[in-house]
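Enquirer: Starting off with a structure, shown below.
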């Protein structure tokens, strides 16, 4: 199976919190452990007004969970 056959996870990073499918996610680590196997790509849609120091924390947590394919987009 190639990576294109896996689902991608899109996470919106906003000042109001983290969102998946337009729903706020209180515990991203738990959400990923329960709902995403990290075989697909994680796409971080980052609000350009977000504090930049939050991004490495999110990325480190994703890598710790085994999510190696991470893309970042500024919106």
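Laboratory data are not the source of any read-out in this text; all were calculated from the coordinates shown. Predicted, not measured: the structure shown is a model, and the values here were computed from it. Virtual Cβ from ideal backbone geometry, glycine too; neighbours counted across all protein chains shown.
Enquirer: For the range 30-43, does any single residue satisfy the condition of being in a helix (DSSP H, G or I), surrounded by 13 or more Cβ atoms within 10 Å (Cβ to Cβ) and under 9 Å from the mean Cα position of the chain (by Cα)?
Expert: Within the range 30-43, one or more residues are in a helix (DSSP H, G or I), surrounded by 13 or more Cβ atoms within 10 Å (Cβ to Cβ) and under 9 Å from the mean Cα position of the chain (by Cα).
Enquirer: Can you pull out every residue in the range 19-29 that is over 12 Å from the mean Cα position of the chain (by Cα) and over 17 Å from residue 8 (Cβ atoms)?
Expert: 24, 26
Enquirer: Looking at the range 6-29, which of its residues are touching a residue at least 24 places away in the same chain (Cβ under 8 Å) and assigned to a strand (DSSP E or B)? Can you show your working first?
Expert: Pass one, the range 6-29, residues touching a residue at least 24 places away in the same chain (Cβ under 8 Å): 6-15, 18, 28-29.
Once the filter is applied, which keeps residues that are touching a residue at least 24 places away in the same chain (Cβ under 8 Å) and assigned to a strand (DSSP E or B), the range 6-29 yields 9, 10, 11, 12, 13, 14, 18.
Enquirer: Within the range 61-75, take every residue that is in contact with a strand residue (DSSP E or B) (Cβ under 7 Å, 6 or more places away or on another chain) and outside any helix (DSSP H, G or I) and give me the one that is surrounded by the most Cβ atoms within 10 Å (Cβ to Cβ).
Expert: 67
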